[in-house]
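These notes concern the structure reproduced below.
The values are calculated or read from the model by the stated rules, or taken from the named source; none is laboratory data. These figures come from a predicted structure and were not determined experimentally. Reconstructed Cβ throughout: ideal geometry from the backbone, glycine too, with neighbour counts over all protein chains shown.
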Amino acid sequence: MEGDGEVTAQTEQKWAEKASVLGKEDMERVLRRIAVEIVERNKGLERVILLGIQRRGVYLAARLREMLKEAEKVKVPSGELDITLYRDDISVLSDQPVVHSTSVPGDITGKKVVLVDDVLFTGRTVRAALDAITDLGRPERVQLAVLVDRGHRELPIAADYVGKTVPTSRSENVEVRVKELDGEDRVVICERTGGTESGVEA
Amino acid sequence: MEWRHKNLITLEGWTREELGFFLDQTEYMEELLNRPIKKVPALRGKIVMNCFFENSTRTRASFEIAGKVLSADVINWSSSGSSASKGETLRDTVWTLEAMAADAVVVRHGEVGVPDYLAKKLTKASVFNAGDGTNGHPTQALLDLYTARQKLGNLEGAKMAIIGDVLHSRVARSDIQAFRKMGVHVTLSGPATLMPENTASLGVGYVSDAREAAEGADILYFLRMQRERQEDGLIPSIDEYHRRWGATDSLVSLASPRAVVMHPGPMNRGMEIASSVADGPRSVILDQVRSGVAVRMALLYLCLGGVR
């Protein structure tokens, strides 16, 4: 709230929900379309693997995997990728970001890797993910699937599959909620009500 | 969790939650060691000084590997051939390290309290205790804890026997602290001449008979026995020590079916541990070495990051 200078209020409630972008059904529909596009673009699913970026990308990749199994009767190998140790802001954050697990389904060399993330924003997360992938092997190609593209790129990076493009201002935050972690499937736009800019996810 | 520790001098101030979080982070660090390219850029541009005023092979090497996997620059500053042997005071050494813009100082010293002194004097660098006198060796305790948790799962209520020269062992002191914090029941055993006087105040039991300590234990921890102890008259003979307190197959057979055998290394085979046990199915001694690298990676990562 304007003029609300209390420190506790600022740290406890940094973001206020402003608008809903995707509901549960919308999210499912959008992911189904992305699944179809992945099959189309790769002319099938041969040598395709899904890599979800920690943390919400992992759950979205799992949904895509289920959908591909239903539609194509193919179990696409999938894994999870943590990019924390590749971040470019590690020495300027006030606290060290928590590391999550990385596990890749076998050798990724020669595979078609589809990176899955929830929100594409500055592009810095994807840059870090590309570096991480390079250290794990040499895929034939890497594609990017995101649920929401909110703009404001700081690097020359574009997605191959976009669920929804949402114009935002930098003072807003796009929050993707998945039921496994957040109890519901929904995408909302939040607005800052206090606190500092640190902690905004790229 | 917000990490609030800049240094590691002792585990005394670490909460159980912090230990648990630390071990979780270590797990993800260990995964990096399985990769074809074992390097991530997380600590690019950081300088880690390994200052060992006492001999060490695995601790020094594992701090070095840990730093290098995370892309820090690691410099080894050993006591022989350094200015320490030319009579430089510790205070001058500190100022030298500061002037060289070290981000972390890993220190092992024969005197108790040197890491603590460095941590108080150094304004910028993190300080990590790699062993000070008979006082403590906290990163050894962390890697022991990590290895035990990896093999046994939740350690709450587990039974541990620490057997050997507890009196002179900084490993024992740090391990007692760490394992008790995680809810492990610790019993000591060894010759009475090699026990500290205050076992009760450490929160642990003592039995002279190693078989009694090993009975039903989930973790059997054997300490390194220095041969000089015999010359000092603290143990009767090497043979007798081995028979009564050494890790033999018959002693290990008394432990719980899932028990693991640990040793901080380097081992004296035939003294505190029989080869059949050291190389046997219960031994996790090489896992400990591997854990040592992962634990030190987590430590460097968590304590060196950010703008503190």
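Residues in the stretch B:274-308 that are away from every other protein chain (no Cβ under 14 Å) and in contact (Cβ under 8 Å) with a residue 24 or more places away in the chain: 16 in all. Based on this model, can you work out whether A:V116 counts as touching an Asp or Glu at 6+ places or on another chain (Cβ under 9 Å) and either away from chain B (no Cβ under 14 Å) or under 20 Å from B:P36 (Cβ atoms) (or both)? Considered against the rule, which asks whether it is touching an Asp or Glu at 6+ places or on another chain (Cβ under 9 Å) and either away from chain B (no Cβ under 14 Å) or under 20 Å from B:P36 (Cβ atoms) (or both), A:V116 comes out as no. Regarding B:S256, is this residue away from chain A (no Cβ under 14 Å), part of a loop (DSSP other than H, G, I, E, B), among the polar types (S, T, N, Q) and surrounded by 13 or more Cβ atoms within 10 Å (Cβ to Cβ)? In short, yes.
Here B:S79 fulfils each of the conditions (1) at pLDDT 95 or above; (2) out of contact with any strand residue (DSSP E or B) (no Cβ under 6 Å at 6 or more places or on another chain); (3) away from every other protein chain (no Cβ under 12 Å) apart from (1).
Among the residues of the stretch A:40-56, is any away from chain B (no Cβ under 14 Å), in contact with a Gly (Cβ under 6 Å, 6 or more places away or on another chain) and within 24 Å of A:P139 (Cα to Cα)? Within the stretch A:40-56 (the criterion being away from chain B (no Cβ under 14 Å), in contact with a Gly (Cβ under 6 Å, 6 or more places away or on another chain) and within 24 Å of A:P139 (Cα to Cα)), the answer is yes, since at least one residue qualifies. For the stretch A:68-111, residues that are surrounded by fewer than 19 Cβ atoms within 10 Å (Cβ to Cβ) and away from chain B (no Cβ under 11 Å) total 11. All told, B:Y117 meets the bar of being under 21 Å from the mean Cα position of the chain (by Cα), part of a helix (DSSP H, G or I) and farther than 30 Å from A:T102 by Cα. Every condition in (1) closer than 26 Å to B:L286 by Cα; (2) in contact with a Leu (Cβ under 9 Å, 6 or more places away or on another chain); (3) more than 14 Å from chain A (Cβ to nearest Cβ); (4) of a type in the set (V, I, T) is met by B:T59 except one, and the failing one is (2). For the stretch A:122-137, the count of residues that are part of a strand (DSSP E or B), under 16 Å from the mean Cα position of the chain (by Cα) and crowded, with 18+ Cβ neighbours inside 10 Å is zero.
With respect to the stated conditions, B:W14 fails to be among the aromatic types (F, W, Y), in contact (Cβ under 8 Å) with a residue 60 or more places away in the chain and within 13 Å of chain A (Cβ to nearest Cβ). Among the residues of the stretch A:86-99, some residue qualifies, meaning at least one is assigned to a helix (DSSP H, G or I) and not hydrophobic (A, V, I, L, M, F, W, C). Within the option set A:L147, A:L130, being touching a Gly at 6+ places or on another chain (Cβ under 7 Å) and more than 9 Å from chain B (Cβ to nearest Cβ) holds for one residue only, A:L147.
B:L299 meets the conditions (1) part of a helix (DSSP H, G or I); (2) within 23 Å of B:V105 (Cβ to Cβ); (3) in the same structural domain as B:G164 (by TED's automatic domain parsing) in every case but one. The failed one is (3). Consider B:L234 carefully, then state whether it is touching a residue at least 12 places away in the same chain (Cβ under 8 Å) and either assigned to a loop (DSSP other than H, G, I, E, B) or in contact with a His (Cβ under 7 Å, 6 or more places away or on another chain) (or both). The answer is yes for B:L234. Among all positions in the stretch B:286-308, there is no residue which is more than 30 Å from A:S91 (Cα to Cα) and basic (K, R).
Of the candidates B:V186, B:V171, B:V204, the single residue that is in contact (Cβ under 8 Å) with a residue 60 or more places away in the chain and within 28 Å of B:T15 (Cα to Cα) is B:V171. A count restricted to the stretch B:140-163 and to residues that are assigned to a helix (DSSP H, G or I) and under 16 Å from the mean Cα position of the chain (by Cα) stands at 10. Evaluating B:S56 against the criteria (1) modelled with pLDDT of 95 or more; (2) under 21 Å from the mean Cα position of the chain (by Cα); (3) of a type in the set (S, T, Y) leaves one unmet condition, (1).
Of all the criteria given as (1) free of Cβ contacts under 8 Å to residues at least 40 places away in the same chain; (2) of a type outside the set (S, T, Y); (3) touching a Gly at 6+ places or on another chain (Cβ under 9 Å); (4) within 14 Å of another protein chain (Cβ to nearest Cβ), the one not satisfied by B:R4 is (3).
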